[in-house]
Ligand SMILES: [Cu+2]
């Protein structure tokens, strides 16, 4: 488990530092302290998960020991947002972040009830994209839940673009396809020229 998280951590850190360099003087001031990281991470969880979740940072360090099955992470800078995931989703996330084939034998669930960061989000078509580019379908989603399934045939029939009126598939046709279930209003979008 620790090794898994470390791999996630390294990939995310690499993305984060690339983003900071690109942002240059617009970079937000200073990193969050531990309490702020915990608070941000738990912001992704519903109340009952918030009570029991573990919190880790992207170096693999445990910031808060939990008693439950969910693990919450603060937002990687410039990408996505804070999230709380169960064990199958955590394993899948590690594979997707390190570019390995991501499969799961079980349903995996991740809460992102704080939504993406305003400076985060993701390309809906390219799992490796780090920022909005023309045509890469970058979406800054509001509060949502994500689900991975063992067999992509189960995704058939869902929209494959980030529609605004219901669930859709992110990263369709890739090994990293998953269901996005928005539960509140979508956030303002980042223009493709944004740094
Ligand atoms: Cu998400």
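Laboratory data are not the source of any read-out in this text; all were calculated from the coordinates shown. The structure presented is a predicted model; accordingly, all values stated were derived computationally and were not measured. Positions of Cβ are generated from backbone atoms using ideal geometry, with glycine treated the same way; all protein chains shown enter the neighbour counts.
Structure values in brief
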item	result
Length added when fully stretched, residue 118-residue 154, from 0.36 nm per residue minus Cα-Cα	9.9 nm
Residue 126 versus residue 98: modelled label distance in nm, points set 7 Å from Cα along the beta carbon direction	2.4
Rounded if a/c under 1.5, otherwise prolate or oblate - segment 117-174, Cα gyration tensor axes	prolate
For q = 0.22 Å⁻¹, Debye-computed log10 I/I(0) when each Cα of segment 79-195 counts as one equal scatterer	-1.38
Efficiency of FRET from Cβ geometry, residue 52 and residue 133, R₀ 45 Å, rounded to 0.05	0.70
Linear extension gain, residue 145 paired with residue 36, 0.36 nm per residue minus alpha-carbon span	37.0 nm
